[in-house]
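Below: one structure, written as structure tokens.
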Amino acid sequence: MPVARVYTKSQWEAFARALDALPEKPDAERGVTVRDAMKEMRARVRAAQAKGYTLEQIAEQAKSHGIDITVGAIRYGLRAAGKGGGANGTRAASGGRAAAHPGPSVARSPDSPPRQNQVRKDGGKTVTGQPMPVQGTLGFAIRPDTDDL
């Protein structure tokens, strides 16, 4: 089992002072992710496509400028940037559909009815099935400790 490293408080304080003393880095020297760059480059890539250039040729042009990007990354960046999803891009990343695993369940009030599975029939009518168990963040069902809550 690995041993946790321990440093003195004065070492951490010296490190904090060094971080505080760092000068502001110029924008030209800051790293930009492909996702962030595509927000600004989308119109230019579309304009190059309108001039008759393929995504392969555009990717080669990027490589000639030291940007190692694949055609798939450009295509994804154009699609994700073009969808205009949520603020963090989660809607765009999932293709505009709800995620398969939406995350932790939202707590309900004790007097609300239990959630029901919705089953579609051919006639378009919805029939309720068994109650859906509340699912925890680790993927297992959360059940009450006692039956008479």
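The values are calculated or read from the model by the stated rules, or taken from the named source; none is laboratory data. Since the model is a prediction, treat every value here as computed from it, not as a measurement. Neighbour counts are summed over all protein chains in view; Cβ atoms, including those assigned to glycine, are modelled from backbone coordinates with ideal geometry.
Going through the range 49-62 one residue at a time, which ones are among the hydrophobic types (A, V, I, L, M, F, W, C) and in contact with a Leu (Cβ under 9 Å, 6 or more places away or on another chain)? Give the derivation first.
Keep residues of the range 49-62 that are among the hydrophobic types (A, V, I, L, M, F, W, C), which gives 50, 55, 58-59, 62.
Within the range 49-62, just Leu55 meets the criteria.
From the list Lys25, Lys39, which residue is part of a helix (DSSP H, G or I) and at pLDDT below 95? I'd like the intermediate steps shown before the answer.
On the way: Lys25 fails: part of a helix (DSSP H, G or I).
Residue meeting the stated conditions: Lys39.
Within the range 9-39, count every residue that is small (Gly, Ala, Ser) and within 30 Å of Thr70 (Cα to Cα).
Residues of the range 9-39 small (Gly, Ala, Ser): 10, 14, 16, 18, 21, 28, 31, 37.
With within 30 Å of Thr70 (Cα to Cα) added as a condition, the list becomes 28, 31, 37.
Total satisfying the criteria: 3.
For the range 42-66, name all the residues that are surrounded by 10 or more Cβ atoms within 10 Å (Cβ to Cβ) and assigned to a loop (DSSP other than H, G, I, E, B).
Tyr53, Thr54
Being in a loop (DSSP other than H, G, I, E, B) and small (Gly, Ala, Ser) is the filter here; which residues of the range 3-17 pass it?
Across the range 3-17, the qualifying residue is only Ala4.
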